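Q: One structure is given below, represented as structure tokens, and several questions about it will come after.
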Amino acid sequence: MEEKTFEQYMAELEDIVSKLENRETPLDEAMSLFSNGVEIARKCNEKLENAQQSVKILLEKNEKMEQKDFVADDE
């Protein structure tokens, strides 16, 4: 099964919130929606943490390259 994108998960969350805001949603369905929403929010958080870590790694690599280039230019 292909993993969904962050944007797809967010669209699902928006749909869930919309359904939860509808006062005619039965309690059992609302509880199920809420549970699904919590799981989707967890997946979104994981994706954001992974993206943040990737950016951090790229910035660290870039900083090291700039330091090397700076040293090379001074010679």
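The values are calculated or read from the model by the stated rules, or taken from the named source; none is laboratory data. From a predicted model like this one, the values you see are computed outputs, not experimental measurements. Methodologically, a virtual Cβ is constructed for each residue, glycine included, from the backbone with ideal geometry; neighbour enumeration extends over all protein chains shown. In case anyone asks, the SASA skips ligands and DNA or RNA and just uses the protein heavy atoms, side chains included. Shrake-Rupley method; radii C 1.70, N 1.55, O 1.52, S 1.80 Å.
Q: Helix 27-74 sits at what angle to the longest principal axis of the chain, using alpha carbons and giving 0 to 90 degrees rounded to 10?
A: Helix 27-74 sits at roughly 10 degrees to that axis.
Q: Mind checking the full-extension length gain between residue 31 and residue 6? Use 0.36 nm per residue of separation minus the Cα-Cα distance, one decimal, nm. Kindly include the intermediate steps, with their values, before the conclusion.
A: Details: separation 25, 0.36 × 25 = 9.00 nm, distance 2.31 nm.
Length gained between residue 31 and residue 6: 6.7 nm.
Q: Along its principal axes, what span do the Cα atoms of the chain show, with the longest given first and each in whole Å?
A: 73, 26, 14
Q: Given the DSSP H assignment, sum -39500 (n - 2.57) over each helix run of at least 4 residues in the chain and divide by its residue total; what's the result at 222 nm in deg cm²/dmol, nearest 500? Let's see the in-between values first.
A: Numbers: 2 runs with 64 residues, N = 75.
After summing the helix terms and dividing by the residues of the chain, the value is -31000 deg cm²/dmol.
Q: Around residue 11, with a cut-off of 14 angstrom between Cβ atoms, what is the net charge of the other residues, counting Lys and Arg +1 and Asp and Glu -1?
A: On the way: positive: 4, 19, 43, 47; negative: 7, 12, 14, 15.
Surrounding charge for residue 11 is 0.
Q: On a 0 to 90 degree scale, rounded to 10, what angle separates helix 6-21 from the longest Cα axis of the chain?
A: Approximately 30 degrees, to the nearest ten.
Q: Let me ask another. How many lysine pairs in the chain, separated by 8 or more positions in sequence or lying on different chains, have Cα atoms less than 17 Å apart?
A: Details: 4/43; 4/47; 47/56; 56/64.
Close lysine pairs under the 17 Å cut-off: 4.
Q: Further, regarding this structure: Roughly how many Å² is the accessible area per residue of the chain, as a whole number, for a 1.4 Å probe? It would help to have the intermediate numbers written out before the result.
A: Numbers: 6690 Å² over 75 residues.
Accessible surface, normalised per residue, equals 89 Å².
Q: Please work out how much accessible surface residue 57 shows to a 1.4 Å probe, ignoring ligands, DNA and RNA, in Å² rounded to 10.
A: So the heavy atoms of residue 57 present about 70 Å² to solvent.
Q: Order 34, 6 by their accessible area, 1.4 angstrom probe, all chains in place, largest first.
A: Working: 34 125, 6 60 Å².
Result of the area sort, largest leading: 34, 6.
Q: At 1.4 Å probe size, what's the solvent-accessible area of residue 64? Round to the nearest 10 Å².
A: In the full protein context, residue 64 sits at about 130 Å².
Q: Next up: Quantify, in whole percent, the carbon and sulfur part of the accessible surface of the chain (1.4 Å probe; protein heavy atoms only). Don't skip to the end; give the middle numbers.
A: Details: 3550 of 6690 Å².
For the chain, the apolar C and S fraction of the accessible surface comes to 53 percent.
Q: Hey, for a label at residue 18 modelled as a point 7 Å past Cα toward Cβ, could you say which residues of segment 30-56 have their backbone N under 19 Å away?
A: Backbone N within reach: 30-38, 40-41.
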